[in-house]
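Taking it in order: structure first as structure tokens, then the write-up.
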Amino acid sequence: MQRVSRLTRELSLLATEPPPGITCWQNGQLDDLRARMYPFEPPKIRFLTPIYHPNIDSAGRICLDVLKLPPKGAWRPSLNISTLLTSIQLLMAEPNPDDPLMADISSEYKYNKQLFLLNAKEWTEKYAGQLRTSKPSEEKIIQSETSASSESTMQKRKGVNISRKKSRPDS
């Protein structure tokens, strides 16, 4: 009786106040529990602010090996959030045009870097500039699943589910 009472109380506590990165549930019987713990899977990270970058798509998803499970990715449970954010920061500074999410931006980066830098600067001013005047607590990156572009780019992205479409500034 004490065992059942304790398990019931602890499961209730787990449901209302789970430890960070852990979910736990019953699997049929009271004493058959299942749990899922981060960091055994990489976190899902995306940008909220539209980013003009070959490795970030219009939904804000990031193409980075440390955000993918092996064998294609390099995620390891020993990686911490600081390491992930540093990796994203490095990718922002040094795009990987050979593994793009955005083929058109990648080509521009490879073959017309001056135009790429101009477009990236315009997007930064247009989309990130307004964040400085809005709520300072807003973050560009969040955990979860979810910059804009010209007509030709949108045609290439038809398969992507985009909640709000923005057009790329004229080149």
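The values are calculated or read from the model by the stated rules, or taken from the named source; none is laboratory data. Keep in mind it's a predicted model, so treat the numbers as computed, not measured. Reconstructed Cβ throughout: ideal geometry from the backbone, glycine too, with neighbour counts over all protein chains shown. Ligands, DNA and RNA are excluded from the accessible area calculation, which covers all protein heavy atoms including side chains. Shrake-Rupley method; radii C 1.70, N 1.55, O 1.52, S 1.80 Å.
Numbers for the structure displayed
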{"item": "Near pairs, Cβ below 9 angstrom, 6+ apart or cross-chain, from segment 66-92 (of a type in the set (Lys, Arg)) to any residue that is outside any loop (DSSP other than H, G, I, E, B)", "result": "LYS72/ASP65; ARG76/VAL66"}
{"item": "Count of residues meeting criterion [more than 16 Å from the chain's Cα centre (by Cα) and hydroxyl-bearing (Ser, Thr, Tyr)] in segment 33-52", "result": "0"}
{"item": "Looking only at segment 1-38, and only at residues there that are outside any strand (DSSP E or B) and among the small types (Gly, Ala, Ser), the one that is least open to solvent (accessible area, probe 1.4 Å)", "result": "GLY21"}
{"item": "Failed item, numbered, when TYR109 is tested on (1) closer than 30 Å to LEU7 by Cβ; (2) among the aromatic types (Phe, Trp, Tyr); (3) assigned to a helix (DSSP H, G or I)", "result": "(1)"}
{"item": "Qualifying residues in segment 104-145 (those that are under 19 Å from the mean Cα position of the chain (by Cα) and open to solvent by 50 Å² or more (accessible area, probe 1.4 Å)) - the one modelled with the lowest pLDDT", "result": "GLU145"}
{"item": "Filtered residues of segment 43-57 (kept if part of a loop (DSSP other than H, G, I, E, B), farther than 17 Å from ALA120 by Cβ and at pLDDT 90 or above)", "result": "LEU48"}
{"item": "Selected residue (only one of ASP98, ASP65 is within 16 Å of the chain's Cα centre (by Cα), farther than 17 Å from TYR38 by Cβ and surrounded by fewer than 20 Cβ atoms within 10 Å (Cβ to Cβ))", "result": "ASP65"}
{"item": "Evaluation of GLY60 against (1) under 30 Å from ARG6 (Cα atoms); (2) of a type outside the set (A, V, I, L, M); (3) modelled with pLDDT of 95 or more (one fails), failing number", "result": "(1)"}
{"item": "Qualifying residue in segment 72-88 (condition: open to solvent by 20 Å² or more (accessible area, probe 1.4 Å), under 14 Å from the mean Cα position of the chain (by Cα), small (Gly, Ala, Ser) and at pLDDT 95 or above)", "result": "yes"}
{"item": "Every residue from segment 18-41 that is charged (D, E, K, R) and closer than 23 Å to LEU69 by Cβ", "result": "ARG34, ARG36, GLU41"}
